[in-house]
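In what follows, a single structure is set out as structure tokens and then discussed.
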Amino acid sequence: MRRQIERLLGSEISAYAIAKKSGVPYSTISDLRTGKRTLDGLSLANAEKLVNYIKFEEKKMSEWGKLGKLFIDADSMADL
């Protein structure tokens, strides 16, 4: 869980987007990124929200990858 959250906080996703989509306050995300707050001080509820957001995004990207493959395959078939 910790590594997932660390990767999210180190990503290029804006604090605003993370906060809006995860339900964790913007100030919490910002404080974690700037070092004003540590993950050790993060509530379990907020940690769970961040992990759920990560899982949602990973699933969405996985599904997009499948859709992208379908579009590529369809384009290839059109060339035949």
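The values are calculated or read from the model by the stated rules, or taken from the named source; none is laboratory data. A quick note: this is a predicted structure, and the numbers were derived from the prediction, not measured. Cβ coordinates were reconstructed from backbone atoms using ideal geometry, including for glycine residues, and neighbour counts include every protein chain displayed.
A few remarks follow.
- With respect to the conditions (1) of a type in the set (Ser, Thr, Tyr); (2) at pLDDT below 95; (3) under 16 Å from the mean Cα position of the chain (by Cα), residue 76 falls short on a single one, namely (3).
- Within the range 27-42, being within 20 Å of residue 1 (Cβ to Cβ) and basic (Lys, Arg) holds for 33, 37.
- Test: residue in the range 38-55 that is surrounded by 11 or more Cβ atoms within 10 Å (Cβ to Cβ), on the phi < 0 side of the Ramachandran plot and either modelled with pLDDT under 85 or touching a Pro at 6+ places or on another chain (Cβ under 7 Å) (or both): no
- Close pairs from the range 1-21: first more than 17 Å from residue 43 (Cβ to Cβ), partner of a type outside the set (Lys, Arg) and outside any loop (DSSP other than H, G, I, E, B), Cβ under 7 Å, at least 6 apart: 15/26; 15/29; 15/30; 16/26; 21/53
- Checking the stated criteria, residue 22 turns out not to satisfy the condition of being hydroxyl-bearing (Ser, Thr, Tyr) and exposed (fewer than 13 other Cβ atoms within 10 Å of the Cβ).
- Test: residue 37 is among the charged types (D, E, K, R), more than 11 Å from the chain's Cα centre (by Cα) and in a helix (DSSP H, G or I): no
- Residues (surrounded by 14 or more Cβ atoms within 10 Å (Cβ to Cβ) and assigned to a helix (DSSP H, G or I)) located in the range 1-16: 4, 5, 8, 9, 15
- Some residue of the range 53-69 being touching a Gly at 6+ places or on another chain (Cβ under 9 Å), of a type outside the set (Val, Ile, Thr) and not in a loop (DSSP other than H, G, I, E, B): yes
- Cross-chain or 6+ apart pairs with Cβ under 7 Å, the range 40-57 first and within 13 Å of residue 20 (Cα to Cα) and touching a residue at least 24 places away in the same chain (Cβ under 8 Å), then in a helix (DSSP H, G or I) and of a type in the set (D, E, K, R): 53/21
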